[in-house]
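Enquirer: Below you'll find the structure I mean.
The values are calculated or read from the model by the stated rules, or taken from the named source; none is laboratory data. Not measured: the values here are computed from a predicted model. Every residue, glycine among them, receives a Cβ derived from its backbone with ideal geometry; neighbour counts consider all protein chains shown.
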Amino acid sequence: MTFINRNIVEQEINNIQNDSEFQRAVSNIKVGKFERDTGNPDYNDRIVYTKRLRTFIYNPAVLNVVFGDQELKEKFFRAFGYKGKVNFTIYPKCWLRDLPLLDIGENVYLGDNILLGSNQVSPDQKHLVVGTIKIGDNCIFNQGCTLAGKSTMGNDCIVGFESAIGFGNTIGANTKIGERVTVGHCNRIGSNVTIGYMCKIGRFCIIEDGVEIEEMTDIPSYSLVTKEGIFSRRKKANKIDMNKRNPVKAVA
């Protein structure tokens, strides 16, 4: 069994905080699309930042000390550029990056194996797209959840075990996402929505407030989901008669 000395961990965090060159790189962590070339100063700063962050993230024994001490936890997050609230729960077995781009609300619970992935590589692996992640107060993410960049979640949401939420999603307050749900990219999910176990939400969907989706439902991309059913959004907006929507059959 390995025991980590708190004073040593705190000294390393202080060194990071007082390293002016590293803090310059921290200040350059930002949203955008970056060429994956170390000759690109913005991308190179990301490499410098990530390498140092990994010395903590890849060492759960160190994070166990950091996350178990509120003062040390705040020092750690501030040293890596996080500006939000720090009274949230998080466990050592996690993957975080781009802390300056995270905004985690009060009393949020992030279970084991959580992944907050603020960047996504392009299909040809030549570029990174980087975006912010905002999580509202009192949200709960159970074990093994993933939330990608350019995403916002309102207050009082619950995300079930091993659910994955892609890039560019907006999720309203008090929404409940069941276990092993997959939410694709660029969806707009309203408030007070319930998504059942093992549902699959495609891309560019709109789910209106208060909708309840039964477990194992497959919502096609470009769908509008209302309390009346699932409808296609592929028609031009100025041609849609909102009182005569054509339903799309859901696979359940």
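Enquirer: Would you check if Asn119 is under 19 Å from Asn192 (Cα atoms) and either of a type outside the set (Ser, Thr, Tyr) or within 12 Å of the chain's Cα centre (by Cα) (or both)?
Expert: Considered against the rule, which asks whether it is under 19 Å from Asn192 (Cα atoms) and either of a type outside the set (Ser, Thr, Tyr) or within 12 Å of the chain's Cα centre (by Cα) (or both), Asn119 comes out as no.
Enquirer: Of all strands (runs of 3 or more DSSP E) completely enclosed by the stretch 35-122, which ones contain at least 1 residues that are of a type in the set (D, E, K, R)?
Expert: Result: 102-104.
Enquirer: How many residues does the stretch 66-93 contain that are crowded, with 16+ Cβ neighbours inside 10 Å and touching a Pro at 6+ places or on another chain (Cβ under 9 Å)?
Expert: Result for the stretch 66-93: 7.
Enquirer: OK, next. Just to verify a result, which residue in the stretch 1-34, among those that are assigned to a loop (DSSP other than H, G, I, E, B) and at pLDDT below 95, is surrounded by the fewest Cβ atoms within 10 Å (Cβ to Cβ)?
Expert: Step by step, filter the stretch 1-34, then rank; the result is Met1.
Enquirer: In the stretch 165-187, what residues are of a type in the set (A, V, I, L, M) and more than 17 Å from Val211 (Cα to Cα)?
Expert: Ile165
Enquirer: Among residues belonging to the stretch 41-52 that are within 20 Å of the chain's Cα centre (by Cα) and hydroxyl-bearing (Ser, Thr, Tyr), point out the one that is surrounded by the most Cβ atoms within 10 Å (Cβ to Cβ).
Expert: Step by step, filter the stretch 41-52, then rank; the result is Tyr49.
Enquirer: Report the residue count in the stretch 123-138 for those that are outside any loop (DSSP other than H, G, I, E, B) and either more than 16 Å from Ala164 (Cβ to Cβ) or more than 11 Å from the chain's Cα centre (by Cα) (or both).
Expert: So the answer is 5.
Enquirer: What are the residues in the stretch 105-149 that are out of contact with any strand residue (DSSP E or B) (no Cβ under 8 Å at 6 or more places or on another chain) and either among the charged types (D, E, K, R) or buried (at least 21 other Cβ atoms within 10 Å of the Cβ) (or both), if any?
Expert: Once the filter is applied, which keeps residues that are out of contact with any strand residue (DSSP E or B) (no Cβ under 8 Å at 6 or more places or on another chain) and either among the charged types (D, E, K, R) or buried (at least 21 other Cβ atoms within 10 Å of the Cβ) (or both), the stretch 105-149 yields Glu106, Asp124, Asp137.
Enquirer: Still on this structure, I have one more. In the list Thr89, Thr55, Thr38, which residue meets the criterion of being of a type in the set (Ser, Thr, Tyr) and under 19 Å from the mean Cα position of the chain (by Cα)?
Expert: Step by step, each of Thr89, Thr55, Thr38 is checked, and only Thr89 is of a type in the set (Ser, Thr, Tyr) and under 19 Å from the mean Cα position of the chain (by Cα).
Enquirer: In addition: How many residues are under 25 Å from Cys139 (Cα atoms) and either small (Gly, Ala, Ser) or over 20 Å from the mean Cα position of the chain (by Cα) (or both) when one looks only at the stretch 61-73?
Expert: Of the residues in that region, 8 qualify.
Enquirer: Here is a check on your reading of the model: is Leu110 out of contact with any Cys (no Cβ under 8 Å at 6 or more places or on another chain) and in contact (Cβ under 8 Å) with a residue 24 or more places away in the chain?
Expert: Judged against the criteria, Leu110 is not a match.
Enquirer: Is it fair to say Lys33 is out of contact with any Ser or Thr (no Cβ under 9 Å at 6 or more places or on another chain) and charged (D, E, K, R)?
Expert: No: the conditions fail for Lys33.
Enquirer: Please count how many residues of the stretch 218-236 are of a type in the set (Val, Ile, Thr) and closer than 17 Å to Gly166 by Cβ.
Expert: Final tally of qualifying residues: 2.
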